[in-house]
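Since the structure comes first, as structure tokens, the remarks are kept for the end.
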Amino acid sequence: MLNENIKNARKSKGLSQDELAIKLNVVRQTISKWERGLSVPDSDMLIFISEALETPVHILLGESVPEQEADSLKVIGEKLEVVNLQLAQSKATRRKLLHWFFIILCAVTVLIIAILIKSNSAYLNWDYSDPETAVIGVGLHAFEWVFARAAPFVFIGSIVGIILTRNRK
């Protein structure tokens, strides 16, 4: 029973006999003899085996350790598939949000341009002797000045963004 438990615990940890032998500072043949039941490790070595295999001594001595499933690669593959699907969904959601952001940015840019053209810069005719009117007029003029220079780049950038983030099927 000890020999089977050592072998099953080693396999469940994904270790070869050589790797376990290196961890325990013994030769591979010693591990092979233990696993075939031709010899038995002493009590001190049993503690080292327990630590190397991260398995309690009482399990090595008595309780059986289940063998590693042959389908473990299949299980790992299924988990990776689920993770890949989640990443793909996250990427698609992020792309869709970015696409709508560019559409809204484009629409807002066009709307502001239309408002500025329609208003015909009426604040330029204001009486700037009143401090409140002067502050508002200067603020509006600064906004219009900056927007008029940035709007073409924002508009073209948002069009490019819409094209690059569109749904390609």
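The values are calculated or read from the model by the stated rules, or taken from the named source; none is laboratory data. It should be emphasised that the depicted structure is a prediction, and the values quoted were computed from it without experimental measurement. Cβ coordinates were reconstructed from backbone atoms using ideal geometry, including for glycine residues, and neighbour counts include every protein chain displayed.
None of SER50, SER90 is within 29 Å of VAL160 (Cβ to Cβ), out of contact with any Phe, Trp or Tyr (no Cβ under 7 Å at 6 or more places or on another chain) and of a type in the set (S, T, N, Q) except SER90.
Residues in region 154-169 that are part of a helix (DSSP H, G or I) and over 16 Å from VAL108 (Cα atoms): ILE163, LEU164. Restricting region 73-101 to residues that are among the charged types (D, E, K, R) and over 12 Å from the mean Cα position of the chain (by Cα), the residue that is nearest to LYS13 (Cα to Cα) is LYS74. Only a single criterion out of (1) at pLDDT 90 or above; (2) within 33 Å of the chain's Cα centre (by Cα); (3) among the basic types (Lys, Arg) is not satisfied by ARG28, namely (2). Taken over region 1-21, the criterion of being more than 26 Å from LEU73 (Cα to Cα) and assigned to a helix (DSSP H, G or I) is satisfied by LEU2 alone.
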